[in-house]
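Engineer: My questions will all concern the structure given below.
The values are calculated or read from the model by the stated rules, or taken from the named source; none is laboratory data. Given the structure is predicted, the values throughout are model-derived calculations rather than measurements. Every residue, glycine among them, receives a Cβ derived from its backbone with ideal geometry; neighbour counts consider all protein chains shown.
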Amino acid sequence: MVKSLILLILWTLLASLEPKSILMGIAATAFTISISKPVIERINALGLLIFLPVFIKEAIVGGLDVLMRIITGEINPGFIKYRVRNRKVIKPLAVFITLTPGTMSVKIEEQEILVHTINLKGANKKSIRRMEILLKRVVS
């Protein structure tokens, strides 16, 4: 129910308050909820409160880095493989990697995530590892 309300509010903020738009939002929300599977089964609220500021910082730093690379043209794209130590966090970690500007999870295998990055030289496995450690607290 909470997920439905959040999606509907997001839809309304992005679209409009017109009745047609709200009805379309309700239909889209119902459809999305009906076909989606949870990425995380159980969430530890304290772990989430610790994780979110770190993720927001990574997103801001990543966004600024992408902006500077666009301006300067210093782009060296490529792929890195990140070996996940905790299988329980592989899906949420892949999602958060994709949400971080300049990176995208391309493929998830047994214990690895294939990540496309805008700059191989700056590909920082330490920041991915930090997110993995913090996500372990979120899902435990």
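Engineer: With respect to I40, is the statement that it is outside any strand (DSSP E or B), among the hydrophobic types (A, V, I, L, M, F, W, C) and at pLDDT 90 or above true? Before the answer, list the steps.
Structural biologist: Values: outside any strand (DSSP E or B): yes; among the hydrophobic types (A, V, I, L, M, F, W, C): yes; at pLDDT 90 or above: no.
Answer is no for this residue.
Engineer: Do you know which residues across the range 43-74 are at pLDDT 90 or above, in a loop (DSSP other than H, G, I, E, B) and either over 14 Å from G102 (Cα atoms) or in contact with a Leu (Cβ under 9 Å, 6 or more places away or on another chain) (or both)?
Structural biologist: Correct list: empty.
Engineer: Here's a follow-up. Would you point out which residue out of E132, E109 is modelled with pLDDT of 90 or more, of a type in the set (D, E) and either surrounded by fewer than 16 Cβ atoms within 10 Å (Cβ to Cβ) or assigned by TED's automatic domain parsing to the domain that holds I9 (or both)?
Structural biologist: Exactly one residue qualifies, and that residue is E109.
Engineer: For the range 86-101, which positions are crowded, with 21+ Cβ neighbours inside 10 Å and under 18 Å from I56 (Cβ atoms)?
Structural biologist: Those that are crowded, with 21+ Cβ neighbours inside 10 Å and under 18 Å from I56 (Cβ atoms): L93, F96, I97, T100.
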